[in-house]
1. Which residue, Gly126, Gly107, Gly21, has the most motion in a Gaussian network model of the chain that connects Cα atoms within less than 10 Å?
2. Tell me, what is the FRET efficiency for Ala149 and Ser119 to the nearest 0.05, using R0 = 22 angstrom and their Cβ-Cβ distance as r?
3. For labels at Ala7 and Arg63 in the simple 7 Å Cα→Cβ model, what's the distance in nm?
4. In terms of solvent-accessible area of protein heavy atoms at a 1.4 angstrom probe, what is the ranking of Glu128, Glu112, highest value first?
5. What number, in percent, do you get for the relative contact order of the chain if the mean sequence gap of Cα pairs under 8 Å and at least 6 apart is divided by its residue count?
6. Helix 38-50 versus the longest principal axis of the chain: what angle, 0 to 90°, nearest 10, using Cα atoms?
7. Using 0.36 nm per residue of separation minus the Cα-Cα distance, give me the extension gain between Asp106 and Ala40 in nm, one decimal.
8. Using only Cα atoms and rounding to the nearest 10 degrees, what angle (0 to 90) does helix 79-97 make with the longest principal axis of the chain?
Amino acid sequence: MDRLNAASPEAAEAVLLDCCGSRRWARRLAAHRPYPDPDALLAAADEASYDLTPGDLDEALARETVSPRPLVGARGPGTLAAHTALRAAHAEYERQFRHAFVICLDGYRDTELLNVVLSGIHDRLGNEPEEERAIAADELRRLARGRLARRAA
């Protein structure tokens, strides 16, 4: 927290861009420093996330990528088939919605991650594009919040 508050605007923006890929979001948070505590930072991040324009959201989603490594805790019979299904679902999601699938996995146990992602992506493939953008924006907000909380801890 202290390092973020003391960093140059450029350095703070770089750290914040790792949490959410929107330059306007990162600049906004960097400009409102110093934050008295992590809760104030997280509240500001939420507010900035709710104010993302469609272009900001496109930019942030473009910086998100599918993890190339298997999900932690995914072991045992059927795991290879599940990962193959997940890769196919990711490809279909990106074809349909033109951005990476984003989902916040904070609060789930390692052994639940593969099932949560698989069921989440399959459920969301049935969404209309506008509905899915709203869900993706909320998941992106939750991801940024979690990333910031871990950095501020």
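The values are calculated or read from the model by the stated rules, or taken from the named source; none is laboratory data. Every value quoted in this text rests on a predicted model; they were computed, and no experiment measured them. Backbone-built Cβ (ideal geometry, glycine too); neighbour counts: all protein chains shown. SASA here: full protein model, heavy atoms, side chains in, ligands and nucleic acids out. Shrake-Rupley method; radii C 1.70, N 1.55, O 1.52, S 1.80 Å.
1. Evaluated over the chain, the most mobile residue of the options is Gly107.
2. On the way: r = 25 Å, r/R0 = 1.13.
Step by step, r from the Cβ atoms, then E = 0.30.
3. If labels sit at Ala7 and Arg63, their model points lie 1.1 nm apart.
4. Details: Glu128 125, Glu112 55 Å².
Correct descending sequence by accessible area is Glu128, Glu112.
5. Working: 144 pairs, mean separation 44.5, N = 153.
The normalised contact order for the chain reaches 29 percent.
6. 70 degrees
7. Details: separation 66, 0.36 × 66 = 23.76 nm, distance 1.99 nm.
So the extension gain works out to 21.8 nm.
8. 60 degrees
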